[in-house]
Amino acid sequence: MTKDYIHLKHLESRSYELLAERGVSIEEIAEIVYDLQSSYVDTLTMQDCIDNLHAVMQKREVQNAIITGIELDIAAEKGLLSPLLCDLLMRDEGLYGIDEILTLSIVNVYGSIGLTNFGYLDKLKPGIIGKLNDEKDQRCNTFIDDIVGALAAAAASRIAHAQPQTDEISVPPKKPSHL
């Protein structure tokens, strides 16, 4: 018996498709990335932000989170989950928290700065994140608003990690151990 495998490019394509189907463009996410990093990187361009988002989107862990989260939003809208879970997701129940946990798999790829960026975005809900959050009366956006925030946080963190270290660190000279 031959096994069929899902090709990584198929997951990546599906991730982009699902974002677009839910009304989210890479450019809208890039605007958030730019706002997060432009005061730290003088030469930052929107194209840099878009390029970093594309790099984030190439990670399989990121693709899995996007597909899982958005398909759960869609399934809740269609009533394909249990009534209890559909209710929690359709209301974006405040203590549900699984939406944030799922998206941590995106931000954790880029370390603690990814986590702090995500927390900041989750609280403020700028740009498309706020738009998605405000649409929750019309459709289920429980996962996608956090996914978008996590993508922006991860791309911003990737940009931050790529910057040369400019911090001056004063370290006293090490004393020889034999003294």
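Straight Cα distances below 29 angstrom link K175 to none of the lysines, with same-chain residues fewer than 8 positions distant left out.
Partners of K9 within straight-line reach, counting aspartates and glutamates whose Cα lies under 19 Å from its Cα and excluding those fewer than 8 residues away in the same chain: E17, E21, D51, E61, E71. Accessible surface area normalised per residue over region 17-167 is 49 Å², counting heavy atoms of protein chains with a 1.4 Å rolling probe.
May I ask you to derive the relative contact order of the chain, considering only C-alpha pairs under 8 Å and at least 6 residues apart, and to give it as an integer percent? Display every interim value, and only then the final one.
Details: 194 pairs, mean separation 50.9, N = 179.
Value for the chain: 28 percent.
The listed peptides 141-147, 70-76, 158-164, 41-47, ordered by packing as a protection proxy, come out as 141-147, 70-76, 158-164, 41-47 (highest mean of other Cβ atoms within 10 Å first).
Could you check how much of the accessible area of region 81-159 is carbon and sulfur, as a whole percent, using a 1.4 Å probe? Walk me through the intermediate numbers first.
On the way: 2120 of 3510 Å².
Answer for region 81-159 is 60 percent, counting heavy atoms of protein chains only.
When the P(r) of region 125-166 is calculated, the portion above 11 Å amounts to 65% of the C-alpha pairs. Listed by chain and number, the lysines whose C-alpha is less than 22 Å from the C-alpha of K123, apart from same-chain residues fewer than 8 away, are K131, K136.
Could you order Y40, Y16 by accessible surface area, starting with the largest, using a probe radius of 1.4 Å?
Working: Y40 170, Y16 60 Å².
Descending order: Y40, Y16.
How far, in degrees from 0 to 90, does helix 26-37 lean away from the longest principal axis of the Cα atoms of the chain, to the nearest 10? The helix 26-37 is inclined about 30 degrees to the chain.
How big is the chain by the Kirkwood estimate over distinct Cα pairs, in Å?
Values: mean 1/r = 0.0570 Å⁻¹.
Evaluated on the chain, it is 17.5 Å.
The values are calculated or read from the model by the stated rules, or taken from the named source; none is laboratory data. Fair warning: this is a prediction, and the values are worked out from it, not measured in the lab. Ideal geometry is used to build each Cβ from the backbone, glycine not excepted, and the neighbour counts take in all protein chains shown. Just so you know, the surface numbers come from the protein's heavy atoms only, side chains and all, with ligands and any DNA or RNA stripped out. Shrake-Rupley method; radii C 1.70, N 1.55, O 1.52, S 1.80 Å.
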